[in-house]
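A.B. asks: First the structure, which I've put down as structure tokens, then a few questions once you've had a look.
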Amino acid sequence: MSTLPAGYRAVDVPESRRDHLLEVDTWAFPGALTDEQVRALPVPLAWDRTRGVEAPDGELVAIHASYPFSRFPVPGARIPVAGLTWVGVHPGHRRRGLLRAMITEHVTRSLARGEAVSALFAAEAPIYGRFGYGLAARDLRLTIPRGAALRDVPGAEDVRVRVERLDPSRHGALLHEVHGTSDRPGWATRETEALRESYLADPEPLRDGAESVRVLLAERDGRTVGYALFRRRSAWEVPGPRGTVRVREVVAPDAAVARALWGVLLDLDLTATVETGMLAPDDAITHLLVDLRGAEPRTADNLWVRVLDVPSALAARRYAAPVDVVLDVTDTLVEGNTGRWHLHGGPDGAQVGRTEAAAHLSLDVRELGAAYLGGSSLTSLAGAGLVTELEPGALAPAATAFGWPEAPVCSWVF
């Protein structure tokens, strides 16, 4: 277990220390906003889960927090997950072990709450692997030309799409309800009121010259079944208008709704391109577009997952095929995870327990986290030398079982 250097101490950060927290955050993550603008922004933290580190003189110099995702989707199930967030260290106190001490504390406190898994978005990709977080989900970004051809979908004409200016007081509960209907692994629901309010807030300093947020509401049989959040940014050039549609989030339960929403987004007047937010790599738009290449597809890292309690986490999810494998796991941060674990189960559930039997595969807890949501194949990890097949023929069936029909993704950064 990592400890803080002499004179430093871990402390609760209540809401009464909000300004101190924001001071550390702006040192850790520099930006163009003034102090007054920063203080005016909503802070969506769960204050009872917000912690920090004080220097010997009592100054708050490091912070971290977590969101309580009580129904986080994993393959075939929903489980409690600790959403690690707002991790920052003042630049004058770096290289002293503060980050490692905070991660260690986060793991300990999460386990005490019964959260067997932690997830996060990484500001810098190289940081969290050394603490056992594996890249569990990737997202897709597109820049689609206005008017790009889409394939027809039966039933799309029966979906009515309304365009409105976003009003959190009127739309908030409805959007939250629709967003929470997806069981795609990694699709974290904004469970707290503070998170919901913060996500739909639209402060002018963060618009970057664009309009306020608009919403498309997809309705079928008088009921809202999907939506898209977007804003437009005007640009005028000699040939004419070259505005941009910035799509923040699209939620569509089926192909007809997806076709109806994208059909509107790709045909807004005075625009030339549509820039998407974080889409799943297998999002419907990748097949609806006649010319995906023309949308300049790019991928980026999305969720990073850390398995905190190996047997509980592995038993909580479901598996795409029968699995009967012994995993030899290493974990330098949580000693109780190290050892051989017998995983036996399938689509209806699984049992996990310690075993003295010979291992079929060996891997670090980082790679177990990468594979946990079904988005990183054990076979591909083995191809990079990160998973070792100890029993010939064991890798392929295990990789098949750990996979999942839908690619994991989180549609928003927490």
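A.B. asks: Condition check: open to solvent by less than 40 Å² (accessible area, probe 1.4 Å), more than 18 Å from Gly226 (Cα to Cα), modelled with pLDDT of 95 or more and under 24 Å from the mean Cα position of the chain (by Cα). Does Leu279 satisfy that?
C.D. replies: For Leu279, the condition - open to solvent by less than 40 Å² (accessible area, probe 1.4 Å), more than 18 Å from Gly226 (Cα to Cα), modelled with pLDDT of 95 or more and under 24 Å from the mean Cα position of the chain (by Cα) - is not met.
A.B. asks: Identify, from the list Arg113, Arg196, Arg146, Arg170, the residue that is in contact with a helix residue (DSSP H, G or I) (Cβ under 8 Å, 6 or more places away or on another chain) and either farther than 18 Å from Ala252 by Cβ or not basic (Lys, Arg) (or both).
C.D. replies: The conditions single out Arg196.
A.B. asks: Only residues that are acidic (Asp, Glu) and touching a Lys or Arg at 6+ places or on another chain (Cβ under 7 Å): list them for the stretch 311-347, please.
C.D. replies: Asp328
A.B. asks: Oh, and also: In the stretch 110-130, how many residues are free of Cβ contacts under 8 Å to residues at least 12 places away in the same chain and not in a loop (DSSP other than H, G, I, E, B)?
C.D. replies: Counting residues in the stretch 110-130 that are free of Cβ contacts under 8 Å to residues at least 12 places away in the same chain and not in a loop (DSSP other than H, G, I, E, B) gives 2.
A.B. asks: Looking only at residues that are in contact with a helix residue (DSSP H, G or I) (Cβ under 9 Å, 6 or more places away or on another chain) and acidic (Asp, Glu) in the stretch 319-342, which one is nearest to Gly369 (Cα to Cα)?
C.D. replies: Asp331
A.B. asks: Please verify whether Asp48 is open to solvent by 20 Å² or more (accessible area, probe 1.4 Å), assigned to a loop (DSSP other than H, G, I, E, B) and without any contact (Cβ under 8 Å) to a residue 40 or more places away in the chain, treating the condition exactly as stated.
C.D. replies: It is false that Asp48 is open to solvent by 20 Å² or more (accessible area, probe 1.4 Å), assigned to a loop (DSSP other than H, G, I, E, B) and without any contact (Cβ under 8 Å) to a residue 40 or more places away in the chain.
A.B. asks: From the list Val43, Val13, which residue is out of contact with any strand residue (DSSP E or B) (no Cβ under 8 Å at 6 or more places or on another chain) and open to solvent by less than 80 Å² (accessible area, probe 1.4 Å)?
C.D. replies: From the options Val43, Val13, the qualifying one is Val43.
A.B. asks: Can you name every residue in the stretch 285-312 that is among the hydroxyl-bearing types (Ser, Thr, Tyr) and either more than 22 Å from His106 (Cα to Cα) or assigned to a strand (DSSP E or B) (or both)?
C.D. replies: Selection gives Thr286, Thr299.
A.B. asks: What is the number of the single condition among (1) farther than 18 Å from Gly132 by Cα; (2) part of a helix (DSSP H, G or I); (3) among the hydrophobic types (A, V, I, L, M, F, W, C); (4) in contact with a Gly (Cβ under 8 Å, 6 or more places away or on another chain) that Ala399 does not meet?
C.D. replies: Failing condition for Ala399: (4).
A.B. asks: Suppose we keep only residues that are touching a residue at least 12 places away in the same chain (Cβ under 8 Å), part of a loop (DSSP other than H, G, I, E, B) and not hydrophobic (A, V, I, L, M, F, W, C) within the stretch 149-179. Which one would you say is least open to solvent (accessible area, probe 1.4 Å)?
C.D. replies: Among those residues, the one meeting the criterion is Gly155.
A.B. asks: Is the stretch 61-76 home to any residue that is open to solvent by 10 Å² or more (accessible area, probe 1.4 Å) and either farther than 26 Å from Ala136 by Cβ or free of Cβ contacts under 8 Å to residues at least 24 places away in the same chain (or both)?
C.D. replies: There is no residue in the stretch 61-76 that is open to solvent by 10 Å² or more (accessible area, probe 1.4 Å) and either farther than 26 Å from Ala136 by Cβ or free of Cβ contacts under 8 Å to residues at least 24 places away in the same chain (or both).
A.B. asks: Being surrounded by fewer than 16 Cβ atoms within 10 Å (Cβ to Cβ) and under 21 Å from the mean Cα position of the chain (by Cα) is the filter here; which residues of the stretch 283-311 pass it?
C.D. replies: Hits for the stretch 283-311 are Thr286, Arg298, Thr299, Ala300, Asp301.
A.B. asks: Turning to a different aspect of this structure: Please work out if Arg248 is under 20 Å from Gly147 (Cα atoms) and open to solvent by 50 Å² or more (accessible area, probe 1.4 Å).
C.D. replies: yes
A.B. asks: A further question follows. Among the residues of the stretch 131-142, is there at least one that is out of contact with any strand residue (DSSP E or B) (no Cβ under 6 Å at 6 or more places or on another chain), within 20 Å of Glu367 (Cβ to Cβ), of a type outside the set (Ser, Thr, Tyr) and part of a loop (DSSP other than H, G, I, E, B)?
C.D. replies: Yes, the stretch 131-142 has at least one match.
A.B. asks: Still on this model: Considering only residues that are of a type in the set (Val, Ile, Thr) and within 22 Å of Ala122 (Cβ to Cβ), which ones fall in the stretch 7-37?
C.D. replies: Selection gives Val13, Val24, Thr26.
The values are calculated or read from the model by the stated rules, or taken from the named source; none is laboratory data. Keep in mind that this is a model prediction, so the values were computed, not measured. Neighbour counts are summed over all protein chains in view; Cβ atoms, including those assigned to glycine, are modelled from backbone coordinates with ideal geometry. Ligands, DNA and RNA are excluded from the accessible area calculation, which covers all protein heavy atoms including side chains. Shrake-Rupley method; radii C 1.70, N 1.55, O 1.52, S 1.80 Å.
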